[in-house]
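Read the figures in this text as sums done on the coordinates, not as results from a lab. Computed from a predicted structure; not experimentally measured. Cβ coordinates were reconstructed from backbone atoms using ideal geometry, including for glycine residues, and neighbour counts include every protein chain displayed.
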Amino acid sequence: MEKEKALVIFGSPRNNGYTKKMLNLFMNELKEIYDFSIINAYDIAIKPCYGCDFCEKNGVCRFSDFNKIKMLLDETDMLVIASPVYNMGFPAPLKAIFDRMQVYYNKPLQREKDYYSEFRDAVLLLTCGRADNGVSEILSKSLNYILKCIDIKIKYKTVWEKTDLNPNDSGIFLKIKMVSKSIMEIKT
Ligand SMILES: Cc1cc2nc3c(=O)[nH]c(=O)nc-3n(C[C@H](O)[C@H](O)[C@H](O)COP(=O)(O)O)c2cc1C
């Protein structure tokens, strides 16, 4: 069976932190069915959206630094967002990527490839230092608001909470196994 494409947008500045550990577990579980491409939001550090409406008039952004992400987004079968929670939101470089999706909001029908008739699946992997307390729901809602412009919807969400209080919580292995199993059952 040919592998499907999965695009990971990684939002932590720490390459050995909790978010990376959770992402590695997830990718390891699904490596037989997905080819993963990873974009590191901090490495790529794209400009924020300037709200200049250039994309509304021209169908493309006036800055070219989003082009690679756009190409990968257009082609992916599944999107994975892996991020820590920062002040009840996403870290700034990741938020910049989401805001640059404004190009799709303004011109949803002018994507290079418009062949997705159904929503593609997104997976949200979050870590937070304290208890979740509904934060992951807020972030899912805000993310779905953006992603619907590109026919993507969060289907699976896993939260590794209380990392500041309980850094060695092994329960995350089980959570990742369960979500990966659900994905595998649909795909195989
Ligand atoms: C700037 C900043 C803001 C944070 N805001 C929150 C927050 O609002 N809620 C929370 O539970 N944890 C918060 N944290 C803690 C991180 O979400 C937590 O430590 C996370 O597991 C770090 O992931 P990492 O190891 O991948 O960097 C914050 C951490 C930083 C550095």
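Quick notes
- Bins of 10 Å from zero: percent of alpha-carbon pairs in the chain: 9, 37, 36, 15, 2, 0
- Nearest 10 degrees, 0 to 90: helix 171-187 Cα axis against the chain principal axis: 50
- Only beta bridges with both residues in the chain are counted; by DSSP, about 5 percent of them are antiparallel.
- Shown here for the stretch 1-94: chymotrypsin sites (Phe, Trp or Tyr not before Pro) in loop regions (DSSP other than H, G, I, E, B) with at most 14 other Cβ atoms within 10 Å, namely TYR50.
- Annotation for the stretch 27-89 versus the stretch 112-188: alpha-carbon center distance of 16 Å.
- Selected from PRO91, PRO13, PRO167 as most flexible by GNM, with the chain as the system and alpha-carbon contacts under 10 Å: PRO167
- For the chain, the mean residue ellipticity at 222 nm estimated from helices alone is -11500 deg cm²/dmol, where every DSSP H run of n ≥ 4 contributes -39500 (n - 2.57) and the total is divided by all residues, rounded to the nearest 500.
- In this structure, TYR50 and MET71 have a Cβ-Cβ separation that, at R0 = 22 Å, corresponds to a calculated FRET efficiency of about 0.55.
- Using the Karplus relation 6.51 cos²θ - 1.76 cosθ + 1.60 with θ = phi - 60°, the per-residue 3J(HN,Hα) values for the stretch 53-62 come to 6, 4, 5, 5, 7, 10, x, 9, 7, 6 Hz, with x marking Gly and Pro.
- Above-threshold pairs, the threshold being 29 Å between Cα atoms, out of LYS70/LYS141; LYS141/LYS187; LYS141/LYS175; LYS5/LYS181; LYS47/LYS162: LYS47/LYS162
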